[in-house]
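Here the structure is laid out as structure tokens; the discussion comes afterwards.
Nothing in this text is a laboratory measurement; each read-out follows from the coordinates by a stated rule. Remember, it's a predicted structure, so these values are computed and weren't measured experimentally. Backbone-built Cβ (ideal geometry, glycine too); neighbour counts: all protein chains shown.
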Amino acid sequence: MNITSKQKLVAGIAMATVAVTFGVAFAYAGKDVTKGPDGKLAAAVMEAFPNTKVSSVDCGNGPKGLCEVVAGRNVFYASRDGRYIVIGQVIDLKDKVDITNRRLQELAAVANVEDKLSGLGNGQGAAPTQAPVAPQAPAGGPTAAVGGAVINVTLPKSNAVIHNPGGALKLTVFADYSCGYCHKLFEELKGRKDIEITEYPIAILGPESEAKAKRVLCSDDRVSAANALYYGGEMKTAGECAAGSKQLQENLQFARDHGISGTPMLIRTDGATNSGYLPVAEVERWLRLAKA
């Protein structure tokens, strides 16, 4: 098939547009957020939540009176003075729009293209033989846990919540109980008894996340406790305990060491990773691609 000059021109313009658009995204993602116009708020949030790496703060993009805070592929909101933090879905009742969900989808779309442009994803679930080094990490530091990277999970199963033990397909998830997309993922996986899920709770969205994770890890029935948070219902737990606090810290340290800064982080049996939510049909397809 012959390609006309006009078609070449159109294709060239399209490619240039993509390059410029996502070049801006790369530059924006790499900047020091504490130096921007809302830098004081960004610094205050990171000081209050040491486990949270803030990507951006925009007081012009949140609901009235609140600033949007992006941490990796998660979104929450803060008052301008940093006193109040709001974690959850924000719904515009007038326009019938889930503002938080729309923003998460935008972030996920940009992140997926960034992964592909940086050579870290191939759309087939396959992974390179060695995990790439995170751009911000020093030599010998943590590896980047983006789509396509390899993570060998060495944490003990005693640090986890095991859903559907014995399921033929195996999935490991690092999750934050205040993460909206973690809730969406587990809601869709709820009826899939054929997928065994090893869930490692972590807390990157503040004190409430930490309290929830400790309560689950300290419960005699962790699955029921986790399900109560994901699906609703009564959580039966003694509260916090020394063992649960230690396990949570070990999970967090592992996440930091391997560059896991967003949730949910999905990991297959062969170590291949997917950073972010996938529909359950895509999860199943991806799991079946695991190398023996």
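Projecting label points 7 angstrom from Cα along Cα→Cβ for Asn61 and Ser224 puts them 4.3 nm apart.
Just order 170-180, 248-258 by mean Cβ neighbour count inside 10 Å, highest at the front, would you? Let's see the in-between values first.
Working: 170-180: 23.6, 248-258: 18.5.
Top to bottom by mean Cβ count within 10 Å: 170-180, 248-258.
Sorted on the mean count of surrounding Cβ atoms within 10 Å across their residues, most packed first, peptides 273-283, 154-164 read 273-283, 154-164.
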